[in-house]
Amino acid sequence: MIAATFLSLACTLSACEQTGEAEAPFTPDYRGIETHLLDGDLVNFHVVMSGARTTDDVDRYAACAAAQYALIRGYGFARHVRTNITEEGGISRGDAVYTISPTLPRGLRTIDAEVVAADCAENGIPMV
């Protein structure tokens, strides 16, 4: 009983499934970012990657692009407007729109560009 409890706890801590199989390693292939200034502070980001586990990985790649773009333009913040994601043949494509601004914009999905860019660099996610 104690051994089974320990094994269950070990699996929980190591993020393995109850079947005993370990998760496959995350090996993304970031294939590129295109940026298009739409109007003033509105920017469109097209990102392409393979190896995404979920759409969250594609969202994060686009957020990294937006954060770095904001910093390049001398702004400190961005606000997510929308993201459309498609996947075909293992290739994920994100079409994201963000506003960039020098001050914290109103809205729920805002990002501090400096913080997000640092996190992206630390995690090896390419930026603009």
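The values are calculated or read from the model by the stated rules, or taken from the named source; none is laboratory data. Predicted, not measured: the structure shown is a model, and the values here were computed from it. Reconstructed Cβ throughout: ideal geometry from the backbone, glycine too, with neighbour counts over all protein chains shown.
Go through the range 59-85 and report how many residues are hydrophobic (A, V, I, L, M, F, W, C) and touching a Lys or Arg at 6+ places or on another chain (Cβ under 8 Å).
So the first thing to find is which residues in the range 59-85 are hydrophobic (A, V, I, L, M, F, W, C), and the list is 62-67, 70-72, 77-78, 81, 85.
From what is left, the residues that are touching a Lys or Arg at 6+ places or on another chain (Cβ under 8 Å) are 85.
Within the range 59-85, residues that are hydrophobic (A, V, I, L, M, F, W, C) and touching a Lys or Arg at 6+ places or on another chain (Cβ under 8 Å) number 1.
Mind telling me which of the residues ARG53, ARG79 ends up being of a type in the set (D, E, K, R) and touching a Gly at 6+ places or on another chain (Cβ under 6 Å)? Let's see the steps before the verdict.
Numbers: ARG53 fails: touching a Gly at 6+ places or on another chain (Cβ under 6 Å).
Among ARG53, ARG79, only ARG79 is of a type in the set (D, E, K, R) and touching a Gly at 6+ places or on another chain (Cβ under 6 Å).
Under the condition of being basic (Lys, Arg) and under 17 Å from PRO126 (Cα atoms), which residue from the range 54-95 is farthest from the chain's Cα centre (by Cα)?
Of everything passing the filter in the range 54-95, ARG93 is farthest from the chain's Cα centre (by Cα).
Tell me the residue from GLU23, GLU17, GLU88 that is more than 30 Å from PRO102 (Cα to Cα) and either surrounded by 15 or more Cβ atoms within 10 Å (Cβ to Cβ) or modelled with pLDDT of 95 or more (or both), please.
So the residue among GLU23, GLU17, GLU88 that is more than 30 Å from PRO102 (Cα to Cα) and either surrounded by 15 or more Cβ atoms within 10 Å (Cβ to Cβ) or modelled with pLDDT of 95 or more (or both) is GLU88.
When you go through (1) out of contact with any strand residue (DSSP E or B) (no Cβ under 8 Å at 6 or more places or on another chain); (2) surrounded by 15 or more Cβ atoms within 10 Å (Cβ to Cβ); (3) at pLDDT 75 or above; (4) not acidic (Asp, Glu) one by one for HIS46, which number turns out not to apply?
So HIS46 meets the others, but not (1).
Just need a number here: residues in the range 21-33 that are of a type in the set (D, E, K, R) and either assigned to a strand (DSSP E or B) or within 11 Å of the chain's Cα centre (by Cα) (or both).
Adding up the residues that qualify gives 2.
Mind checking which strands (runs of 3 or more DSSP E) fall wholly inside the range 34-113 and carry at least 1 residues that are basic (Lys, Arg) and in contact (Cβ under 8 Å) with a residue 40 or more places away in the chain?
Output list reads 91-101.
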